[in-house]
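Have a look at the structure below, then the notes.
The values are calculated or read from the model by the stated rules, or taken from the named source; none is laboratory data. All values reported here derive from a predicted model rather than from experimental measurement. Glycine also receives a Cβ, built like all others from the backbone with ideal geometry; neighbour counts cover every protein chain displayed. Just the protein is used for accessible areas: all its heavy atoms, side chains included, with ligands, DNA and RNA removed. Shrake-Rupley method; radii C 1.70, N 1.55, O 1.52, S 1.80 Å.
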Amino acid sequence: MDKRLVVELIPGPAFLVGHMVGGIFVGAGFAAVATGLAILLRWRWDRTLPLMAISIFALTIVLLSIGLVLDDTTYVKVSNTVGSLAFAAIIAFGMLLRPSLLRRTLGYGIHMTKHGWRTLHGAWIGLSVARAAANEIVWRNYSDRTWAIYNGVSDVAWIGLFFIVTSIVAHRYWDERTAGDAVVRSAELEN
């Protein structure tokens, strides 16, 4: 498993541990620290800043701060909803760019037709909205403990769903022409 993926999965379990130690606010603090660490490690390894992780980190800090000032855990609970909906909006806006945001991000390893990229955008937007809805259902209808467990382990499941859907769409809409062009460009760079 890629070390980058492992690092990106750490905030969920960090939240769960923090929640067990001191409740929702401590869990959110642990997750924020883990996210900050993930950002620093990505910078150290790749010399790039993961903009999505930075956005989530900023959102977490803002909502955690508001929640602490108002002594209301609701702000922590809705951060997943807000983050997922913001991600869906970013992907939707990214469809307008040429090449699209997803294609810029994933295009080095996934070579699909234009219809495939549109399908993948729609799938990712749908998954993000579903993730927001799932978070809303869990925090509004179950105990804080149940929500904390869901929050701590759901990232792995959602990332798995994104991976499975991406694999299915990529397989269905694979474009041999662009994949071949990428191999040729890679070989030219090596020479």
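Pairs only if they're at least six apart or on different chains, beta carbon under 6 angstrom, first in the stretch 110-137 and open to solvent by less than 40 Å² (accessible area, probe 1.4 Å), second part of a loop (DSSP other than H, G, I, E, B) and not small (Gly, Ala, Ser); list them, first residue then second.
Matching pairs, first to second residue: His111/Asp175; Met112/Tyr173; Met112/Asp175; Gly116/Tyr173; His121/Met95.
Which members of the stretch 110-136 meet the condition of being among the charged types (D, E, K, R) and over 21 Å from Ser154 (Cα atoms)?
If the condition is that a residue be among the charged types (D, E, K, R) and over 21 Å from Ser154 (Cα atoms), then Lys114, Arg118 are the ones that fit.
Please work out if Ser79 is over 17 Å from the mean Cα position of the chain (by Cα) and farther than 19 Å from Leu5 by Cβ.
Here the answer is no, as Ser79 does not meet what is asked.
Give the residue, chosen from Trp158, Trp147, that is in a helix (DSSP H, G or I), in contact with a helix residue (DSSP H, G or I) (Cβ under 7 Å, 6 or more places away or on another chain), in contact (Cβ under 8 Å) with a residue 40 or more places away in the chain and surrounded by 14 or more Cβ atoms within 10 Å (Cβ to Cβ).
Going through Trp158, Trp147 in turn, just one is in a helix (DSSP H, G or I), in contact with a helix residue (DSSP H, G or I) (Cβ under 7 Å, 6 or more places away or on another chain), in contact (Cβ under 8 Å) with a residue 40 or more places away in the chain and surrounded by 14 or more Cβ atoms within 10 Å (Cβ to Cβ): Trp147.
Cβ-Cβ under 7 Å, sequence separation 6+ or interchain: first residue in the stretch 18-29 and more than 16 Å from Tyr150 (Cα to Cα) and of a type outside the set (Val, Ile, Thr), partner open to solvent by 40 Å² or more (accessible area, probe 1.4 Å) and part of a helix (DSSP H, G or I). Which pairs?
As it stands, the answer is none, since no pair meets every condition given.
Given (1) out of contact with any strand residue (DSSP E or B) (no Cβ under 9 Å at 6 or more places or on another chain); (2) of a type outside the set (Lys, Arg); (3) part of a loop (DSSP other than H, G, I, E, B); (4) at pLDDT below 85, where does Asp72 come up short, assuming only one miss?
Evaluating Asp72 over (1) out of contact with any strand residue (DSSP E or B) (no Cβ under 9 Å at 6 or more places or on another chain); (2) of a type outside the set (Lys, Arg); (3) part of a loop (DSSP other than H, G, I, E, B); (4) at pLDDT below 85 leaves (4) as the failure.
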